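**Student:** This is the structure I want to talk about, given as structure tokens.
Taken together, the values in this text are just the output of simple stated rules run on the coordinates, not laboratory data. Nothing here was measured: the structure is a model prediction, and the numbers come from that model. Cβ: placed from backbone, ideal geometry, glycine included. Neighbour counts: every protein chain shown.
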Amino acid sequence: MNGLALAYLGDAYYELEIRRYLITQGIRNVGKLHTEKVRLASNEAQASIMNYFLSLEILSDEEIDAYKKGRNKSHNSRKQMDMVTYQQATGFESLIGYLSLIDEQRAKDLINLGITFIKQGGYNG
């Protein structure tokens, strides 16, 4: 499967897991749910999480390949975002999409690690 198809899947999977996490935290106000979801699932947050994973050197060679496969080389990134952040976020989504297909528990473990990183101030978006 190509990287962008994996990123397409990973984007949806990650957002669903973020929404599940927020609901389990007892947040019931829809506005607060949305604000927190955007903070945890923004491209900037995803890029920060990916950089964190890479700095920890916790990804297998196959996982790094899935990340690299998804780094969109397009020049159509959002105007308010630099190309590197966009590529890292797309790569993160590709990694999550890949793992959701081959090892869903690993996908969830990495998502939880990323949430913990963000909640501890790894990204303050």
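**Student:** Suppose every Lys and Arg Cβ carries +1 and every Asp and Glu Cβ carries -1, with no other charges. What dipole size does the chain come out with about its Cα centre, to the nearest 20 debye? Please report the intermediate quantities before stating the final value.
**Tutor:** On the way: 15 positive and 15 negative charges, 125 e Å.
Using only the charged Cβ atoms, the result is roughly 600 debye.
**Student:** Additional query: Computed from the coordinates I sent, Rg and Dmax of the Cα atoms in Å equals one of [x] 13.7, 41; [y] 18.6, 64; [z] 15.1, 52. Tell me the label.
**Tutor:** Working out Rg and Dmax of the Cα atoms in Å from the coordinates points to [x].
**Student:** Which helices count as membrane-span-like in the chain under these terms: full DSSP H, at least 18 Å along the axis by C-alpha, Kyte-Doolittle mean of 1.0 or more?
**Tutor:** none
**Student:** Which part of the stretch 98-125 falls in the paramagnetic zone of residue 65, meaning amide N under 19 Å from the point 7 Å along Cα-to-beta-carbon?
**Tutor:** Counting only backbone N, you get 98-104, 106-107.
**Student:** Filter the cross-link list 69/108; 68/119; 68/108 down to pairs whose alpha-carbon distance in this structure exceeds 22 Å.
**Tutor:** 68/119
**Student:** Let me ask another. Simple spin-label model, 7 Å along Cα-to-Cβ: residue 116 to residue 32 in nm?
**Tutor:** Using points 7 Å along Cα→Cβ, the separation is 2.4 nm.
**Student:** To continue, here is another question. Considering only 87, 25, 105, give the residue with the highest GNM mean-square fluctuation for the chain, with springs between Cα atoms whenever their separation is below 10 Å.
**Tutor:** The residue that fluctuates most here is 25.
**Student:** Suppose only helical runs count, i.e. DSSP H with n ≥ 4. What mean residue ellipticity at 222 nm does that imply for the chain under -39500 (n - 2.57) per run, divided by all residues and rounded to the nearest 500 deg cm²/dmol?
**Tutor:** Result for the chain: -24000 deg cm²/dmol, rounded to the nearest 500.
**Student:** What's the extension gain from residue 55 to residue 103 if we count 0.36 nm per residue and subtract their Cα-Cα distance? Let's see the in-between values first.
**Tutor:** Values: separation 48, 0.36 × 48 = 17.28 nm, distance 2.18 nm.
Gain in length upon complete extension: 15.1 nm.
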